[in-house]
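The values are calculated or read from the model by the stated rules, or taken from the named source; none is laboratory data. Quick caveat: nothing in here was measured; it's all calculated off a predicted structure. Note that each Cβ is placed from the backbone with ideal geometry, even for glycine, and that neighbours are counted across all protein chains shown.
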Amino acid sequence: MGTYSNIPLRERNIVLIGFMGVGKTTIGQLVAKKLYRDFIDVDQEIEKRHHMSIPAIFEQMGENYFRKVERELIVDLCTNTRLKIISLGGGAYLQEEVRNACLSHGIVVFLDLSWENWKDRLPSIVHDRPLLKNKALEEIKQLFELRKQAYSQHHYRVATDGLDPETVAIRTIELIRERNTN
Ligand SMILES: Nc1ncnc2c1ncn2[C@@H]1O[C@H](COP(=O)(O)OP(=O)(O)OP(=O)(O)O)[C@@H](O)[C@H]1O
Ligand SMILES: O=C(O)C1=C[C@@H](O)[C@@H](O)[C@H](O)C1
Ligand SMILES: [Mg+2]
């Protein structure tokens, strides 16, 4: 994986990727707290800037508009900030420009939850994820499988099945530390 940035490893943003509901927001907050770093959740940042919820943005402005705003924000954060913990929205990483910016300037961590475990989480997340609404489980599974290809482009992978958020956060930090100091 090419690295074209001259940002020192220890200063790079840590970027969490993975499917909707795997825990990017939850884990990102914990990692930031443990490392005494600022946390930025891209979905929350877009909601704040628009004074609107993600479902409302999708409904009133459309998904294409959301994707453009999401892409521009992430490229800006990757290029112009350091030392942050950044949680992406689940679909952001499907955009090539986003992948390139994150991989070049940041440390990309893929939170990997199996489909079997993920589907138990669906009832708790469906209400505010417009892409999950009114979809049959089989359709969601196809989306889950389809996106694996993009998520496979990462620096680190943390398998999260059966682990509570605290443990996932600790593993994430340990993994990055181990590799960066060896
Ligand atoms: N390791 C975990 N074990 C159990 N539940 C978890 C874990 N991580 C997150 N959750 C729960 O799963 C739900 C989704 O988590 P979260 O919002 O962090 O996902 P996300 O990856 O940020 O989703 P999105 O891509 O839509 O932003 C929340 O209810 C959260 O409490
Ligand atoms: O996976 C996706 O495409 C999305 C995930 C959420 O984080 C939000 O960014 C939005 O609901 C779209
Ligand atoms: Mg999130």
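Identification of helices (runs of 4 or more DSSP H) wholly contained in the stretch 1-79 with 1 or more residues that are touching a Pro at 6+ places or on another chain (Cβ under 6 Å) and either modelled with pLDDT of 95 or more or within 13 Å of ligand 3 (Cβ to nearest atom) (or both) yields 24-35, 54-61.
In the stretch 112-135, the residues that are on the phi < 0 side of the Ramachandran plot and touching a residue at least 60 places away in the same chain (Cβ under 8 Å) reach residues that are within 15 Å of ligand 2 (Cβ to nearest atom) and of a type in the set (D, E) with C-beta atoms within less than 9 angstrom, at least six apart or across chains, in these pairs: P130/E59; P130/E63; L131/E63. The residues on offer are A150, A159, A136, and the sole one that is over 18 Å from I17 (Cα atoms) and away from ligand 3 (no atom under 16 Å from the Cβ) is A136. The single condition from (1) of a type in the set (K, R); (2) under 24 Å from L73 (Cα atoms); (3) free of Cβ contacts under 8 Å to residues at least 12 places away in the same chain that R99 fails is (3). If only residues of the stretch 42-78 that are touching a Ser or Thr at 6+ places or on another chain (Cβ under 9 Å) and within 13 Å of N13 (Cβ to Cβ) are counted, the one that is farthest from ligand 1 (Cβ to nearest atom) is C78. Apart from one condition, Q44 fits all of (1) within 14 Å of the chain's Cα centre (by Cα); (2) within 12 Å of ligand 2 (Cβ to nearest atom); (3) buried (at least 17 other Cβ atoms within 10 Å of the Cβ); the exception is (3). In the stretch 27-38, of all residues being buried (at least 18 other Cβ atoms within 10 Å of the Cβ) and free of Cβ contacts under 8 Å to residues at least 60 places away in the same chain, the one that is farthest from ligand 1 (Cβ to nearest atom) corresponds to A32.
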